[in-house]
1. Looking at the structure I just gave you, is VAL33 over 10 Å from the mean Cα position of the chain (by Cα) and at pLDDT 95 or above?
2. Quick check: anything in region 44-52 among the polar types (S, T, N, Q) and modelled with pLDDT of 95 or more?
3. Would you be able to tell me the number of residues in region 1-41 that are assigned to a helix (DSSP H, G or I) and among the β-branched types (Val, Ile, Thr)?
Amino acid sequence: MEWADKIHKNADIETVKKSQPNFVKISWEKPLVIEDERLYEIEITNNHDVLRMSNFLVFIDNKYQGRESIK
């Protein structure tokens with residue numbers, strides 16, 4: 001998920017959407033909301049993660065904060 005790590009912190013949500021590669025699907029319509037954070041789940045085509053981690057793009061006030069993985 002190098003593409004997510006290359007996104008500049010505080011990028012707006014539209015910029016992040018435009019940078020999204022074809023091999024991922026992001027649940028833009030159903031974010032997980034935790035206090036002031038919005039987490040958008042990343043689904044990766046042909047993901048072979050043996051740990052079955054859930055990966056998210058994290059936004060605060062519609063500004064990109066980074067990527068987070070949760071088991």
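1. In short, yes.
2. no
3. Initially, region 1-41 is screened for residues assigned to a helix (DSSP H, G or I), giving 2-5, 13-19.
When the remaining residues are screened for being among the β-branched types (Val, Ile, Thr), the result is 13, 15-16.
Here the count works out to 3.
The values are calculated or read from the model by the stated rules, or taken from the named source; none is laboratory data. Worth saying up front: this structure is predicted, and the values here are computed from it rather than measured.
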